[in-house]
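Have a look at the structure below before the remarks.
A short reminder: the numbers here are calculations on the coordinates, not readings from a lab. Only a predicted model underlies this, so the values are computations on that prediction, with no experimental measurement involved. As a convention, Cβ positions derive from the backbone with ideal geometry for all residues, glycine included, and neighbour counts pool all protein chains shown.
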Amino acid sequence: MKVKIIFVFLLLISSINYSQTTLSVGGYLGGGQFNGNSVSVGGFTSSLFCELNTPLFEEVFPRLSFIFTKDFNAILPNSTQTYNPFILGVTLKGVTTQYFDGKIFLEEGVGFAALNDQTFSDTDVWDYGVVISLSVGFDLRNFDLKGFKLGAGAEYGMTFFDTLPKYSSLHLFVHYTF
């Protein structure tokens, strides 16, 4: 809840003070591994994110993401498992981008993660830690900087307390700037 309040506060301040503020949204879908107090489980990963492109941060933009990763058996037909483990969470990262040849880019991010470990049916624990990400992609936007960016990336989130949930993801993403 505090992460949402901070993000909304940054959005309000920057939109009042700076008319050049833009908002970006996006998401990714891929596969990876996750675990809590368990062995690693292969699963699909997904995320929805919003990013505030504000002059408050010269080269680093804040990105708020909602993460969901669940056992592959949940999407397989004829699966007889009654419970499929999953982890969900929220991350707040600082993201920076380097461009090569005008359209190809490399994007790095680092920040804080809050993960809800539900790897067992009787486990429901929130834990806190860090997240790092690396992506490469192709920018389809024109000079007005509105439009799509597409690419592939990797993300790793880990926590430091309680059940120690963590996840890793290899994914494809789409990112739209308004």
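Per-structure values
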{"read-out": "Tally, over the range 51-71, of residues that are touching a helix residue (DSSP H, G or I) at 6+ places or on another chain (Cβ under 9 Å), in a loop (DSSP other than H, G, I, E, B) and either under 17 Å from SER40 (Cα atoms) or not hydrophobic (A, V, I, L, M, F, W, C) (or both)", "value": "2"}
{"read-out": "Selected residue [under 17 Å from ALA113 (Cβ atoms), assigned to a strand (DSSP E or B) and of a type outside the set (A, V, I, L, M, F, W, C)] from GLY26, GLY43", "value": "GLY43"}
{"read-out": "Residue within the range 72-89 that is touching a Phe, Trp or Tyr at 6+ places or on another chain (Cβ under 7 Å), under 19 Å from LEU172 (Cα atoms) and in a loop (DSSP other than H, G, I, E, B) present", "value": "yes"}
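Each row is one residue, and each column tells you yes or no for (1) touching a strand residue (DSSP E or B) at 6+ places or on another chain (Cβ under 8 Å); (2) farther than 26 Å from ASP139 by Cβ; (3) polar (S, T, N, Q); (4) touching a residue at least 12 places away in the same chain (Cβ under 8 Å).
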{"site": "LEU48", "(1), (2), (3), (4)": "yes, no, no, yes"}
{"site": "ARG63", "(1), (2), (3), (4)": "yes, no, no, yes"}
{"site": "PHE66", "(1), (2), (3), (4)": "yes, no, no, yes"}
{"site": "THR69", "(1), (2), (3), (4)": "yes, yes, yes, yes"}
{"site": "ILE75", "(1), (2), (3), (4)": "yes, yes, no, yes"}
{"site": "LEU88", "(1), (2), (3), (4)": "yes, yes, no, yes"}
{"site": "PHE100", "(1), (2), (3), (4)": "yes, no, no, no"}
{"site": "LYS103", "(1), (2), (3), (4)": "yes, no, no, yes"}
